[in-house]
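Data first, discussion second: the structure below is written as structure tokens.
The values are calculated or read from the model by the stated rules, or taken from the named source; none is laboratory data. Computed from a prediction, not measured in an experiment: that's the story for all the values here. Please note: Cβ atoms are built from the backbone with ideal geometry, for glycine as well, and neighbour counts cover all protein chains shown.
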Amino acid sequence: MMDWKSSAGIVIVGGGIIGVSTAYYLAKQGIKDIVLVEKGTICGGSTGRCGAGIRAQWGTEMNCRLGIAALDIFEQLDQELGMSVGLNQGGYLLVAYNDKELETLRTGMLLQNSLGIQSRMIALSEAREICPGLAADDAVGFFFHARDGHADPFLTTFAYLEAAKRLGVTCYRNTECTGIVVRDNVVQGIETNKGKISAPIVINCAGAYAQIVAGMAGVELPNWAERHEIMITEPVAPGVCPCMLMSFSGNYYIQQRPHGSIICGMSPHGHPEDFENKTTWQFIEAMSKTLVKLLPRTKGIRIARQWSGLYDMTPDAQPVIGETDVKNFYHSTGYSGHGFMLAPVAGKILAQHITGGKPDIDFSMLDYRRFSRGEHIRESNVV
């Protein structure tokens, strides 16, 4: 059994991709004595249940900068971490079904191009070259960025974890944070089901449970947990959908994995707000119909399994990064389904800020107080 550390320089709550990447970049910045606690298993929550897409096609300058910075990191992550993260860059093919969405995506493309992101609008004929057999005759436009893609959430998270451990990070699994210790409005550490850990800095990376952890320190986050479902098919011949096929108005994302299985998901009707990782036959029925309509070659293939995961949502579907009203109590939460794709850059810029450096990207607008001020971020490229 690992020796228990009753004190640390920094404690991170949450062992998903956000928590683990943050631990790595803090250690890389030279911070010693970092402890990460996870109430279950590493990558056992939302990270291990996500679609693991990575894209730079966004509708705000900040998100575009975050997205391309994350892609830059992902492209050299195997070498940096010393392990494969399973990166596959087949591109994202965004599909517009009405003129309003077409104009929104076109405006986003122009912004992306101005920032060096080489996304472009393409015709149906080229879309079918990228995604063979695509039957989106009712679509009015397509947008593609070749550097987008996906990675393996398990390989990526464990690559970060092993690299962090080599730099001295301690990880406690099956260790639930039961309280945040605060004195005179300054964080003092955490309480867990295994004992107390004193620390001058605590970072909340608890994903769908971030609101609960924040509340332990008397901090109100407007976050909530939202259940989303995914299914995956049996392996089929390659080339059915090598890109990530996605539509915001069409409410779907579909991609074929390197081993041949097709993974796909959609936002649920009514967005169930609970902590239950349950599945429904309604999702299977709706998703199967959408899959076959878009890719007729998939008709008759079998569904291997389905599962659900929790999005850590905020009112504007944008993350919360930074210090709270409780001094030295930080959050990196609320990624609203985009935590995996942004984790490398999110962990890096928060580590830069905490260690006194200038972050590569200014994230001040992601302060959680924006909600009380009514300053919601208007991002068009989210489901």
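For the stretch 222-254, enumerate the residues that are of a type in the set (S, T, N, Q) and under 18 Å from Lys289 (Cβ atoms).
Within the stretch 222-254, Thr233, Ser247, Ser249, Asn251 qualify.
What strands (runs of 3 or more DSSP E) completely inside the stretch 158-252 contain at least 1 residues that are over 18 Å from the mean Cα position of the chain (by Cα) and either within 30 Å of Gly59 (Cβ to Cβ) or at pLDDT 95 or above (or both)?
170-172, 177-183, 186-192, 195-198, 201-204, 224-233
Looking only at the stretch 62-92, which residues are among the aliphatic types (A, V, I, L, M) and over 24 Å from Pro319 (Cα atoms)?
Answer for the stretch 62-92, where residues must be among the aliphatic types (A, V, I, L, M) and over 24 Å from Pro319 (Cα atoms): Leu81, Met83.
Please determine whether any residue of the stretch 105-112 is out of contact with any Gly (no Cβ under 9 Å at 6 or more places or on another chain) and among the basic types (Lys, Arg).
There is no residue in the stretch 105-112 that is out of contact with any Gly (no Cβ under 9 Å at 6 or more places or on another chain) and among the basic types (Lys, Arg).
When you scan the stretch 96-116, do you find a residue that is touching a residue at least 12 places away in the same chain (Cβ under 8 Å), acidic (Asp, Glu) and either surrounded by fewer than 20 Cβ atoms within 10 Å (Cβ to Cβ) or not in a helix (DSSP H, G or I) (or both), even just one?
For the stretch 96-116, residues touching a residue at least 12 places away in the same chain (Cβ under 8 Å), acidic (Asp, Glu) and either surrounded by fewer than 20 Cβ atoms within 10 Å (Cβ to Cβ) or not in a helix (DSSP H, G or I) (or both): present.
Do we have any residue at all in the stretch 70-83 that's more than 19 Å from Leu350 (Cβ to Cβ), in the same structural domain as Arg166 (by TED's automatic domain parsing) and among the hydrophobic types (A, V, I, L, M, F, W, C)?
Yes - at least one qualifying residue is present in the stretch 70-83.
Somewhere in the stretch 317-335, is a residue free of Cβ contacts under 8 Å to residues at least 60 places away in the same chain, surrounded by fewer than 16 Cβ atoms within 10 Å (Cβ to Cβ), at negative phi and over 12 Å from the mean Cα position of the chain (by Cα)?
no
List the number of the failed condition for Gly40; all other conditions in (1) under 23 Å from Thr192 (Cα atoms); (2) buried (at least 20 other Cβ atoms within 10 Å of the Cβ) hold.
Answer for Gly40: the failing condition is (2).
Condition first: touching a Ser or Thr at 6+ places or on another chain (Cβ under 8 Å) and either among the β-branched types (Val, Ile, Thr) or within 18 Å of Glu323 (Cα to Cα) (or both). Now tell me which residues in the stretch 338-383 satisfy that.
Ala343, Ala346, Gly347, Lys348, Leu350, Ala351, Tyr368, Phe371, Ile377, Val382, Val383
How many residues are surrounded by 13 or more Cβ atoms within 10 Å (Cβ to Cβ) and either over 30 Å from Ala210 (Cα atoms) or modelled with pLDDT of 85 or more (or both) if we restrict to the stretch 259-274?
Residues that pass the stated criteria total 7.
Of the residues that sit in the stretch 133-174 and are of a type in the set (Val, Ile, Thr) and buried (at least 23 other Cβ atoms within 10 Å of the Cβ), which one is farthest from Ile212 (Cα to Cα)?
Thr156
Quick check, is Pro222 surrounded by fewer than 21 Cβ atoms within 10 Å (Cβ to Cβ) and touching a Pro at 6+ places or on another chain (Cβ under 7 Å)?
Considered against the rule, which asks whether it is surrounded by fewer than 21 Cβ atoms within 10 Å (Cβ to Cβ) and touching a Pro at 6+ places or on another chain (Cβ under 7 Å), Pro222 comes out as yes.
Report yes if Ser6 is under 14 Å from the mean Cα position of the chain (by Cα) and among the hydroxyl-bearing types (Ser, Thr, Tyr), otherwise no.
Spelling it out, it is not the case that Ser6 is under 14 Å from the mean Cα position of the chain (by Cα) and among the hydroxyl-bearing types (Ser, Thr, Tyr).
Of all residues in the stretch 258-269, how many are over 10 Å from Gly239 (Cα atoms) and either in contact with a strand residue (DSSP E or B) (Cβ under 9 Å, 6 or more places away or on another chain) or assigned to a strand (DSSP E or B) (or both)?
So the answer is 8.
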